[in-house]
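Below: one structure, written as structure tokens.
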Amino acid sequence: MAAAASDSAKQPLLLHHQRGNPPHVASLSSPSLPSAPPGGIAGAGGGRRFPGGLDVPNLKKRGGGTRSWISVEAATASVQTLEVDKATMMRRCELPARDLRLLDPLFVYPSTILGRERAIVVNLEQIRCVITADEVLLLNSLDSYVLQYAAELQRRLLQRAEGDELPFEFRALELALEAACSFLDAQAAELEIEAYPLLDELTSKISTLNLERVRRLKSRLVALTRRVQKVRDEIEQLMDDDGDMAEMYLSEKKLRMESSFYGDQSLLGYNSVGAGTSVSAPVSPVSSPSESRKLEKAFSLCRSRHDSVKSSDNTATEHIQELEMLLEAYFVVIDSTLNKLTSLKEYIDDTEDFINIQLDNVRNQLIQFELLLTTATFVVAIFGVVAGIFGMNFETSVFSIQNAFQWVLIITGVIGAFLFCGFLWFFKYKRLMPL
């Protein structure tokens, strides 16, 4: 009876759960669960209500939305636009989320080139893409450099020269390096065209407006130099590490994986045939030659696989050298751009030193003029002392001398002139002026 009563009590709960509403079980010892507010957990406008009354509209999970990608196929050179979310892209390229985060336009990351197992992650200025052995996935953007990259890659794939054995991933990486280097070089040339006339104008006329323009120019120069330096360091780091360059040879790794897969399948086929023969037929001296023949075939297959691995290693070494030469070419280009910016910065520093020298010279002239005024004031003060002495209301023996006042003035003038000329000679020829 008790079991029947418990079963009858569970039936309404099960029916209630099957209709899509979770059962609410509350005991007498525990307090009842708080009920939801009238507006629900999420607001009607699509926002989420947080404790404290904060209503954030249109709050979405980061990375859950889809992004537009431009795909360039290696085999057909076809260009198409894809709408793919982040999880699908991770499965498609076998990349972790932190690598795709480098390509997110919402974040600002320095230039980076990463070699992974099945893809190359490239973040070079406006070019943000994922390069695989079969395609290039480029973040769709309205930037002209991105559209030019896709069009130029398609054109080069269609007009592939005879005897050009450069793999597809190296072609795509070369074009990305070319686009980044040309973009940075164009910005450096534009900065040079703007900087030199402005600096020449500042040396001829020192004003607040010209100083402000030079300050802005120097800020742009420092930012551009930092970006160029990062691209140069990234290329140099790749050139110094053979392991990273070997990771970027995706075509060879793809062929190696396919050959190992087919070799394993054929080896499994030999093993299955041998197992079937041993189970179905009894062991006899007549069947031993066939078994040894199959074993020789298996050993020859393993030997051929080993030889193929050795040959692939030699091929990988050759392609590492090709990639190193490719990187070295663009390393020279980006180093030349960095030298231009360094020369421009040195010119700005020389201009600042020249302006400081000019200001120091003007300051020294003002100090010298102030000293001359002080000397002239001292000489005039001497005459004032003489006039004050002779203007006193008491009798002295000096007043009884004939023409005493005239002689005193003459002597005082000679002494003052002598002192004034002495100061002039002292500051002009001894050059004891404060710096």
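Does Leu175 count as within 20 Å of the chain's Cα centre (by Cα) and of a type outside the set (Lys, Arg)?
Judged against the criteria, Leu175 is a match.
Quick one: which residue in Ile357, Ile367 is assigned to a helix (DSSP H, G or I) and either of a type in the set (Ser, Thr, Tyr) or touching a residue at least 24 places away in the same chain (Cβ under 8 Å) (or both)?
Within the list Ile357, Ile367, the selection yields Ile367.
Please name all residue pairs, on different chains or six or more residues apart, with Cβ atoms under 8 Å, provided the first residue is in segment 322-349 and is more than 16 Å from Ala189 (Cα to Cα) and the second residue is aromatic (Phe, Trp, Tyr).
Glu322/Phe170; Leu323/Phe170; Leu323/Tyr249; Leu326/Phe170
Residue by residue, here is whether (1) out of contact with any Ser or Thr (no Cβ under 9 Å at 6 or more places or on another chain); (2) within 21 Å of Ser141 (Cβ to Cβ); (3) modelled with pLDDT of 85 or more holds:
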{"residue": "Pro37", "(1), (2), (3)": "yes, no, no"}
{"residue": "Ala44", "(1), (2), (3)": "yes, no, no"}
{"residue": "Asp55", "(1), (2), (3)": "yes, no, no"}
{"residue": "Thr76", "(1), (2), (3)": "yes, no, yes"}
{"residue": "Asp85", "(1), (2), (3)": "no, yes, yes"}
{"residue": "Leu95", "(1), (2), (3)": "yes, yes, yes"}
{"residue": "Leu100", "(1), (2), (3)": "yes, yes, yes"}
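Check Ala189, Ala176 and return the single one that is surrounded by fewer than 16 Cβ atoms within 10 Å (Cβ to Cβ) and in a helix (DSSP H, G or I).
Matching residue, one of Ala189, Ala176: Ala189.
Just checking: which of the strands (runs of 3 or more DSSP E) contained wholly in segment 60-140 hold 1 or more residues that are crowded, with 20+ Cβ neighbours inside 10 Å and touching a helix residue (DSSP H, G or I) at 6+ places or on another chain (Cβ under 8 Å)?
Here the list reads 66-73, 112-115, 120-124, 127-131, 135-139.
Determine which member of the set Glu73, Glu83 is over 26 Å from Met257 (Cα atoms) and over 20 Å from the mean Cα position of the chain (by Cα).
The match here is Glu83.
Do we find that Leu224 is modelled with pLDDT under 60 and not in a loop (DSSP other than H, G, I, E, B) in this structure?
No; evaluated as a whole, the condition is false for this residue.
Within segment 377-402, work out how many residues are of a type outside the set (Ser, Thr, Tyr), at pLDDT 70 or above and either open to solvent by 80 Å² or more (accessible area, probe 1.4 Å) or part of a loop (DSSP other than H, G, I, E, B) (or both).
3
In segment 330-348, which residues are closer than 17 Å to Glu201 by Cβ and open to solvent by less than 50 Å² (accessible area, probe 1.4 Å)?
Hits for segment 330-348 are Leu344, Ile348.
The values are calculated or read from the model by the stated rules, or taken from the named source; none is laboratory data. Computed from a prediction, not measured in an experiment: that's the story for all the values here. Cβ atoms come from the backbone with ideal geometry, glycine included; neighbour counts cover every protein chain shown. Keep in mind that these areas ignore ligands, DNA and RNA; they rest on the heavy atoms of the full protein, side chains included. Shrake-Rupley method; radii C 1.70, N 1.55, O 1.52, S 1.80 Å.
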